[in-house]
Amino acid sequence: MENSRDLERARQYLSLSGKGVKIKEFLGDGTDGSVWATDRNTAVKVFKAERGYFNERDAYQRLADFGVTEKIDGFWIPEMHGFDDELMVIEMDLMQNPPYIIDFAKVRIDRPPDFSEETQRDIDEQGRERFEENWPAVKSLMATLESYQIYYLDPQPHNIAFPERK
């Protein structure tokens, strides 16, 4: 459900960017924030909490520092076009063609999770259920992210998308 305060923050961010970009349509919201498409084929994400905002911003910056701005392990990643720490808004490429990975709000940077063996087994079982035959590719992608000290903790099919099977 579209939140008018979040929409106002998105518009404020775009007006401050000075690029004349306008909101085109509401794309959706989730536990971390709300997302709108713009008229220049970017997405503007307005975050609900500082932790999610800084996780996502820092993940994109970390990847860019390593020169990873288009693809990682064969998955498209959005390029971050701008951000505002005060408004907690990030503007990034709009991902439309899988395979892609989005939503870095629930990552950890530099701190690997300390999961028990049981928790790790549960994560693996959930991953196999969610991604079926694509789970090995998702695990490989997550391992590659870990090589950059980015620990992707919430793999979901709407965030790690594969092309439709025909």
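The values are calculated or read from the model by the stated rules, or taken from the named source; none is laboratory data. Just so we're clear, the structure is a prediction, and the values are computed from it rather than from any experiment. Cβ sites come from the backbone with ideal geometry, for glycine too, and all protein chains shown count toward neighbours. Just the protein is used for accessible areas: all its heavy atoms, side chains included, with ligands, DNA and RNA removed. Shrake-Rupley method; radii C 1.70, N 1.55, O 1.52, S 1.80 Å.
For the chain, averaging the sequence separation of C-alpha pairs within contact (under 8 Å, six or more residues apart) and dividing by the residue count gives a relative contact order of 19 percent. A simple spin-label model places the labels of GLN12 and THR144 3.8 nm from each other, with each point 7 Å out along Cα-to-Cβ. Take every pair of alpha-carbon atoms less than 8 Å apart whose residues are at least six positions apart; their mean separation over the length of segment 3-67 yields a relative contact order of 22 percent.
Find the accessible area per residue for segment 31-74; the probe is 1.4 Å, ligands and nucleic acids are left out, and the unit is Å².
Values: 2050 Å² over 44 residues.
Per residue, segment 31-74 has 47 Å² of solvent-accessible surface.
Largest to smallest in accessible area, the residues TRP135, TRP76 fall in the order TRP76, TRP135 (1.4 Å probe, all protein chains included). Report, to the nearest whole %, how much of the accessible area of segment 25-166 belongs to carbon and sulfur atoms, 1.4 Å probe, protein only. Its accessible area is 44 percent carbon and sulfur atoms.
So what is the 222 nm mean residue ellipticity for the chain from helices alone, if each DSSP H run of at least 4 adds -39500 (n - 2.57) and you divide by all residues, rounding to the nearest 500 deg cm²/dmol?
Helix-only estimate at 222 nm: -11500 deg cm²/dmol.
The count of lysine pairs in segment 46-166 with alpha-carbon distances below 22 Å, taking only pairs 8 or more places apart or on different chains, stands at 4. Computed over the alpha-carbon pairs of the chain, the distance histogram in 5 Å steps reads 1, 8, 17, 21, 20, 15, 10, 5, 2, 0, 0 percent, short to long. HN-Hα J couplings of segment 128-143 from phi, Karplus 6.51/-1.76/1.60, θ = phi - 60°, integer Hz, Gly and Pro as x? Working through the residues one at a time gives 4, 5, 6, 10, 6, 5, 8, 4, x, 5, 5, 4, 5, 4, 5, 5 Hz.
Per-peptide packing, taken as the mean over residues of other Cβ atoms within 10 Å, places 109-122, 48-61 in the sequence 48-61, 109-122 from highest down.
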